Every structure is written in C-alpha cells, then in structure tokens.
Amino acid sequence: MPNPFDALAARMDATTVARFGRDVAINGAVLTGVESHFLPEMGPVSGDGLSVVIFSAAYRPHRNDQVMYQGESYIVTRHQVFNGKPQIWLE
C-alpha cells in the first residue's frame, strides 16, 4: 500500500495527464507527454526551447531519439529527470 505522499503524487500526475497530456511519438511508440516551460527569469540559465515531460516509466531517453509532437518532427537533444519522469528537449 503506497504512503499518503505517493498516493497524492499519483493523483496529481493523473490529473496533469488528463488535463494537459498530448500524444508524443518517440521512435514509433506513442506516449503521453506534457509540455514544460521555465520561468522567463531562468531563460539565461536554462536556455529557451521546447521540452516535454514524458509520463511513462518505460521510456528511457537517448540523444537523437526521433520524436513527432504536434505534427512536427524533432530529435531529442538533451534529457534529465524531472519529478521522477524523463524530461526531453526537442530540436
């Protein structure tokens, strides 16, 4: 049985996916992702660009993964873990 924090985090993830989730095709597999943005004052530190948090425990990101997102073709240029989920930058 999950602890109360894990249960709340799972409910928050489910709500986020339901409200903001979009299909993201990565190397032919369709996953659910949520576009991620940084605060403007963090721009010089983090750079500006398109990033997506992927809500799938099975996905392991790699540079140059092929991505279709909102009808456009991209590649993964970098990745990191964000709240336990893969966050990928697209170019």
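The values are calculated or read from the model by the stated rules, or taken from the named source; none is laboratory data. Note that the structure is predicted; figures quoted are calculated from it, not measured. Heads up, the Cβs are rebuilt from the backbone with ideal geometry, glycines too, and the neighbour counts pull from every protein chain shown. Quick note on the areas: whole protein, heavy atoms, side chains included, nothing else; ligands and nucleic acids left out. Shrake-Rupley method; radii C 1.70, N 1.55, O 1.52, S 1.80 Å.
In µm²/s, what is D for the chain at 25 °C and 0.890 mPa s, where D = kT/(6 pi eta Rh) by Stokes-Einstein and Rh is the Kirkwood radius from Cα pairs? Before the final figure, lay out each step's value.
Numbers: Rh = 13.9 Å.
Translational diffusion coefficient: 176 µm²/s.
Take the Cβ-Cβ distance between R19 and Q80 as r, set R0 to 22 Å, and report the resulting FRET efficiency rounded to the nearest 0.05. Provide the component values of the computation, followed by the final result.
Numbers: r = 23 Å, r/R0 = 1.06.
Taking R0 as 22 Å, the efficiency between R19 and Q80 is 0.40.
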Relative contact order for the chain: what is it in percent, counting Cα pairs under 8 Å that are at least 6 residues apart? 24 percent
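Which FRET efficiency value, to the nearest 0.05, is calculated for Q66 and A7 with the Förster distance at 35 angstrom and r the Cβ-Cβ distance?
Working: r = 35 Å, r/R0 = 1.01.
Efficiency for this residue pair is about 0.50.
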With every protein chain kept in place and a 1.4 Å probe, the chain has an accessible area per residue in Å² of 70 Å²
